[in-house]
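The values are calculated or read from the model by the stated rules, or taken from the named source; none is laboratory data. Quick caveat, the model's predicted, so the values are computed rather than measured. Every residue, glycine as well, gets a Cβ built from its backbone with ideal geometry; the counts of neighbours run over all protein chains shown. These accessible areas exclude ligands, DNA and RNA; they are computed on the full protein's heavy atoms, side chains included. Shrake-Rupley method; radii C 1.70, N 1.55, O 1.52, S 1.80 Å.
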Amino acid sequence: MSSQDNRQTLQHETTDAASDAVISVRDVRVAFGQNVILDKLDLDIRRGEVLGFIGPSGSGKSVLMRTILGLTQKKSGLIDIFGQDVDKVNERQRMAIDMRMGVLFQQGALFSSLTVLENIQVPMREYLDLPPKLMNELARLKIDLVGLKPDTAEKYPSELSGGMIKRAALARALALDPEVVFLDEPTSGLDPIGAADFDDLIANLRDTMGLTVYMVTHDLDSLFAICDRIAVLGQKKVLVDGTVEELLKCDDPWVQTYFNGKRARQIDKNAANRRRMGSSQPSKATDDGMTEIKGSHTDQGTKQDTETKQ
Ligand SMILES: Nc1ncnc2c1ncn2[C@@H]1O[C@H](COP(=O)(O)OP(=O)(O)OP(=O)(O)O)[C@@H](O)[C@H]1O
């Protein structure tokens with residue numbers, strides 16, 4: 001099956017799914033001067049899924065994320081978020097949309113002069129008018145939610161490990177209880193255990209909070225472990241999208257090399273299924289600043305069971 005066929009097949013398959021899209025991108029073009037980065041790009045992000053977004057370095061994955069977030073202007077095309085055409089909303093409506101989306105930038109992008117608690121409160125201060133005591137309580141809940149120890153609240157980013165920075169940045173992305181979070185290479189720079197723990201955390205949030213996740217990643221393990229669907233960016237557009245199993249059958253040369261090339265390892269294709277069945281091991285973060293997150297993806301309601309690591 002060619003990538004073109006794949007794309008068409010998927011469009012047939014997703015007629016129902018498209019109606020469940022929280023974000024729809026249609027025929028989008030983004031350029032910097034004469035340099036066209038994205039052209040005729042279509043993409044749906046569906047409610048409650050973890051969508052992995054892959055593609056060659058410099059192909060425009062981050063640019064698309066920034067365009068959806070309204071941080072980069074598109075030249076043409078349509079972006080519909082939560083059923084609203086972003087070109088037709090006023091400032092107040094755009095703000096309401098922004099409040100429903102959280103973002104974790106590539107390097108965490110925490111403010112170095114603020115503590116973790118203060119960093120998490122940045123979006124709260126920007127969008128809400130809450131008493132300081134309540135903001136403190138909410139920020140501490142987020143710290144707990146992402147598996148950081150309570151005393152992390154008073155620490156500055158320079159005092160945190162790479163894994164703790166990612167979690168603190170995720171806590172900030174979750175500050176306003178968003179429905180969708182955008183993660184730009186969340187596991188880059190983490191050791192394999194830390195990366196797997198972070199994957200578990202993301203899967204947990206999807207399963208317990210119904211979070212929709214758009215994740216730019218180069219991490220094959222993350223793709224297999226937690227992504228419900230993967231979209232491939234190439235030639236300025238989404239070349240193909242589908243489940244891991246579907247992509248493995250796709251004959252696009254870049255996709256083939258990506259999954260079967262020199263750097264690709266033999267991956268246990270059943271891992272993704274096991275995770276979805278809820279039999280993955282609970283997160284056991286080993287970093288001193290983290291807590292152990294217990295419970296599989298299926299045995300809890302809306303709250304994670306966290307316990308301070310001994
Ligand atoms: N503000 C900007 N002005 C001009 N060019 C830009 C700007 N932002 C991004 N680009 C260009 O857009 C292209 C795509 O960049 P982008 O960061 O989206 O790539 P990517 O696919 O996320 O890459 P990577 O996987 O390496 O992170 C690059 O050529 C980059 O130089």
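Look at segment 129-148 and say how many of its residues are touching a helix residue (DSSP H, G or I) at 6+ places or on another chain (Cβ under 8 Å) and either open to solvent by 10 Å² or more (accessible area, probe 1.4 Å) or part of a helix (DSSP H, G or I) (or both).
10
May I ask you to list the residues in segment 55-71 that are at positive phi and surrounded by 21 or more Cβ atoms within 10 Å (Cβ to Cβ)?
The answer is Gly55, Gly60.
For segment 155-171, enumerate the residues that are among the basic types (Lys, Arg) and either modelled with pLDDT under 90 or assigned to a helix (DSSP H, G or I) (or both). Spell out how you get there, then give the answer.
Step one: list which residues in segment 155-171 are among the basic types (Lys, Arg), which gives 155, 166-167.
Selection gives Lys166, Arg167.
Being touching a helix residue (DSSP H, G or I) at 6+ places or on another chain (Cβ under 8 Å), among the acidic types (Asp, Glu) and open to solvent by 50 Å² or more (accessible area, probe 1.4 Å) is the requirement here; does Glu154 meet it?
So Glu154 passes the test.
Could you check, for segment 72-91, whether at least one of its residues is farther than 30 Å from Gly33 by Cα, over 16 Å from the mean Cα position of the chain (by Cα) and open to solvent by 50 Å² or more (accessible area, probe 1.4 Å)?
Checking segment 72-91: at least one residue is farther than 30 Å from Gly33 by Cα, over 16 Å from the mean Cα position of the chain (by Cα) and open to solvent by 50 Å² or more (accessible area, probe 1.4 Å).
So which of Gly52, Gly48 is of a type outside the set (A, V, I, L, M, F, W, C), in contact with a Ser or Thr (Cβ under 8 Å, 6 or more places away or on another chain) and open to solvent by less than 10 Å² (accessible area, probe 1.4 Å)?
On the way: Gly48 fails: open to solvent by less than 10 Å² (accessible area, probe 1.4 Å).
Selected residue: Gly52, the only one of Gly52, Gly48 that is of a type outside the set (A, V, I, L, M, F, W, C), in contact with a Ser or Thr (Cβ under 8 Å, 6 or more places away or on another chain) and open to solvent by less than 10 Å² (accessible area, probe 1.4 Å).
So, restricting to helices (runs of 4 or more DSSP H) that lie completely within segment 1-117, which ones have at least 3 residues that are away from the ligand (no atom under 16 Å from the Cβ), under 19 Å from Lys237 (Cβ atoms) and modelled with pLDDT under 95?
3-13
Just give me the residues in segment 108-126 being open to solvent by 60 Å² or more (accessible area, probe 1.4 Å) and either touching a residue at least 24 places away in the same chain (Cβ under 8 Å) or more than 24 Å from Met95 (Cα to Cα) (or both), in sequence order. Spell out how you get there, then give the answer.
Applying the first criterion (open to solvent by 60 Å² or more (accessible area, probe 1.4 Å)) to segment 108-126 yields 111-113, 118, 125-126.
Across segment 108-126, the qualifying residues are Phe111, Ser112, Ser113.
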